[in-house]
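Participant: Here's a structure for you.
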Amino acid sequence: MPRYLLVAGLDFGTSYSKVVLREQNTRRSVAVRFPGHADGLLPSLVGFDGTHLFPPLGLAHSEPVPYLKMLAAEVAAGSPFSQARIRVPRAIAGLPAAASHCVTIELLAFYFAHMIASVRQFILTASPWPDFDITPGNSSDHLVFQLAVPTGLLAQDGRAEKLFREALIFAHELAAKADPNLVAPFPCISWSREIQATRTTLTGRTEDRYQWQCLIYPEVAAAVQTVFRSPNARDGLYITMDVGAGTVDINAFLRNTGEHLRDQVPTARARRLDYYAAAVKPLGIHNLLDPHGAVESRTEQSLMHDLRSAVWALYHQAKRYQPNHGHRRGFRTWDRATFFVLGGGAHHSAYVANFAQGLTDAGIADPRILKLPAADLECPSETEFGRFAVAYGMAFFKPSLDDVRLPSDLRTFSQLYPPTAVPPPAQYGFNWED
């Protein structure tokens, strides 16, 4: 076992990015504080002036590329910069699809490389592990990076996942050339050459070299990992909504660790978590409040109408796996679920109110919307835990979905108990009136 096994959970946000370090042996978790950003919120911006790229803290003499995450997701789907919904700098706006793809990887790798360099500096200068050995190839200490990517649970063709992971791997290879203080510019041509040289060096070796490093997970599942693994969470049904700048991620799942059975059946292995439904919708707060003027704004009425519809649809999808047993309002199965709102846009009252209204419209009685409670994370006092929820979930080593049953793995209630069959046994699912 290594002396230190640090996992850096990376939440690459639309407006701000967050990183949480978790030492897997001692289970201590710490939010990274970046130079000039003691609140742990690093702007998700790269600057460009036609000849140089600029890291997040050196943008004064450049044109910023805002909402890089959303732009990358569109490019991964095959859109050139000219067709993207995100405004890009004029110098690159007319690139065709193939060139847009290459430039996007370079921009992402540039941002990630500076983030990685800054994380390494934080470990040595301001973390609880200043004696960590950063030397490549050392056998005593290991540092793993895990990135949440903006995709649904099961992407159709994997293009977005491939783009983000390729950029993260290039960043990991080139982080030593990045400025950990996030200020110094880098010539665009030189950065392109570094990327190409790295691509050539890694040809045929990427998977062997990065089997347990630079891993990616859907960010819609990362926040669920936070609830799933938090020592403050209880077993039961959950519906969560993560409000970001670009997207709103909504989840419905059952946390079932078997905690209530351990005294009765110590050797029983619980199912742990059933993932009933998830949705990623482009309904983030930048549709209302865009400081960069990079997207077309929407009216709050229209945006919240779509949000309520998304919540309604998600709940009815989840009901295919777990019906709302019972007859007494307020005591039915889903009435007693836990409803969390989190993320940077959670402070906007319209999101909270319309999350509740969407649940009410779907048939849930008097849903009470809660803020995500803090877990075992040392984070800046001025930033609430919910902003770090995705990064916290990503900071558990290989928080894979091995212990999670996805909707594709589940049989619906009607499949398990077709109408012609005998009535289902009472123990299927659960009923708070039992």
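Just so it is clear, none of the values below were taken in a lab; they were calculated from the coordinates. What you are looking at is a predicted structure, and each value in this text was computed from that prediction instead of being measured. Positions of Cβ are generated from backbone atoms using ideal geometry, with glycine treated the same way; all protein chains shown enter the neighbour counts.
Participant: For an R0 of 51 angstrom, estimate the FRET efficiency from the Cβ-Cβ distance between Glu63 and Arg272 and round to the nearest 0.05.
Facilitator: Working: r = 47 Å, r/R0 = 0.92.
Working from the Cβ atoms, E equals 0.60.
Participant: What length, rounded to one decimal in nm, is gained on full extension from Asn232 through to Ser297, with 0.36 nm per residue of separation minus their alpha-carbon distance?
Facilitator: Values: separation 65, 0.36 × 65 = 23.40 nm, distance 3.80 nm.
Computed gain between Asn232 and Ser297 is 19.6 nm.
Participant: For a test of the definition: using alpha carbon positions, the gyration tensor, and the 1.5 limit on a/c, classify region 244-394 as rounded, prolate or oblate. All intermediate terms of the calculation are to be shown ahead of the outcome.
Facilitator: Numbers: a/c = 2.28, a/b = 1.39, b/c = 1.64.
Because a/c hits 1.5 or more and a/b fails to exceed b/c, region 244-394 counts as oblate.
Participant: Could I ask something else about it? State the label only: which of [x] 22.8; [y] 28.0; [z] 25.7 corresponds to Kirkwood radius over Cα pairs in Å computed from the shown model?
Facilitator: Only one option fits the structure, namely [x].
Participant: Right, next: In the chain, how many lysine pairs have Cα atoms under 27 Å apart, counting only pairs 8 or more places apart or on different chains?
Facilitator: Taking the chain as the scope, the lysine pair count is 19.
Participant: What list of ³J(HN,Hα) couplings, whole Hz, do you get for region 330-337 from phi and the Karplus terms 6.51, -1.76, 1.60, once you set θ to phi - 60° and write x for glycine and proline?
Facilitator: x, 10, 6, 3, 7, 4, 9, 5
Participant: Among DSSP beta bridges whose residues both lie in the chain, state the antiparallel percentage, nearest 5.
Facilitator: Values: 37 of 60 bridges.
Of the beta bridges lying entirely in the chain, close to 60 percent run antiparallel.
Participant: For the chain, calculate the relative contact order in percent as a whole number, restricting contacts to Cα pairs under 8 Å that are 6 or more residues apart. Walk me through the numbers before you get to the answer.
Facilitator: Details: 835 pairs, mean separation 83.2, N = 434.
Rounded, it is 19 percent for the chain.
Participant: While we're looking at this one, here's another question. Ranking Ser381, Ser62 by Cβ neighbours within 10 Å, fewest first, what do you get?
Facilitator: Final ranking by Cβ density, sparse to dense: Ser381, Ser62.
Participant: Nothing charged except the Cβ atoms of Lys and Arg (+1) and of Asp and Glu (-1): what's the magnitude of the dipole of the chain about its Cα centre? Round to the nearest 20 debye. Write down the numbers at each step before the final one.
Facilitator: Details: 41 positive and 41 negative charges, 147 e Å.
So the dipole magnitude of the chain works out to roughly 700 debye.
Participant: Right, here's the next one. Show log10 I(q)/I(0) for region 4-217 at q = 0.08, 0.18 Å⁻¹, two decimals, from a solvent-free Debye sum over equal Cα scatterers.
Facilitator: Log-scaled intensity ratios, in q order: -0.26, -1.40.
Participant: Order by neighbour count: Thr206, Thr151, Thr240, fewest other Cβ atoms within 10 Å first, most last. If you can, show how the numbers build up before the last one.
Facilitator: On the way: Thr206 15, Thr151 22, Thr240 25.
Placing the least packed residue first, the sequence is Thr206, Thr151, Thr240.
Participant: Between Thr201 and Leu5, what is the spin-label point distance in nm, taking each point 7 Å from the Cα along the Cα→C-beta axis?
Facilitator: It is 2.7 nm.
Participant: Another question, if that's okay. Between beta-carbons, use under 14 Å as the cut-off and find the net charge around Asn354, counting Lys and Arg +1, Asp and Glu -1. Intermediate results must be reported in sequence, preceding the final value.
Facilitator: Details: positive: Lys281, Arg298, Arg308; negative: Glu300, Asp306, Asp361.
With Lys, Arg at +1 and Asp, Glu at -1, the net is 0.
Participant: 222 nm [θ] for the chain, helices only, -39500 (n - 2.57) per DSSP H run of 4+, per residue, to 500? Could the numbers behind the result be given before it?
Facilitator: Working: 10 runs with 127 residues, N = 434.
Taken over the chain, the calculation gives -9000 deg cm²/dmol.
Participant: Oh, and also: Rank these for me by crowding, Lys281, Lys371, Lys69, going from fewest to most other beta carbons within 10 Å.
Facilitator: Fewest-to-most Cβ neighbours within 10 Å comes out as Lys371, Lys281, Lys69.
Participant: Below 8 Å, C-alpha to C-alpha, sequence gap of six or more: please give me the relative contact order for region 1-104 in percent.
Facilitator: Working: 163 pairs, mean separation 17.9, N = 104.
Reported as a whole number, the value is 17 percent.
Participant: Roughly how many debye, to the nearest 20, is the charge dipole of region 4-217 about its Cα centre, given +1 on each Lys and Arg Cβ, -1 on each Asp and Glu Cβ, and no other charges?
Facilitator: Working: 18 positive and 18 negative charges, 55 e Å.
With only Lys, Arg, Asp and Glu charged at Cβ, the dipole is about 260 debye.
Participant: Another question, if that's okay. Just going by the charge dipole of the chain, with Lys and Arg at +1 and Asp and Glu at -1 on Cβ, which of Phe385, Asn251, Pro185 is farthest out on the positive end?
Facilitator: Asn251
Participant: In degrees, nearest 10, range 0 to 90: what is the angle between the Cα axis of helix 349-362 and the longest Cα principal axis of the chain?
Facilitator: Once rounded, the angle reads 40 degrees.
Participant: Can you order the peptides 6-16, 120-130 by their average number of other Cβ atoms within 10 Å per residue, highest first? Walk me through the numbers on the way to the answer.
Facilitator: Numbers: 6-16: 25.0, 120-130: 15.7.
Highest to lowest by the protection proxy: 6-16, 120-130.
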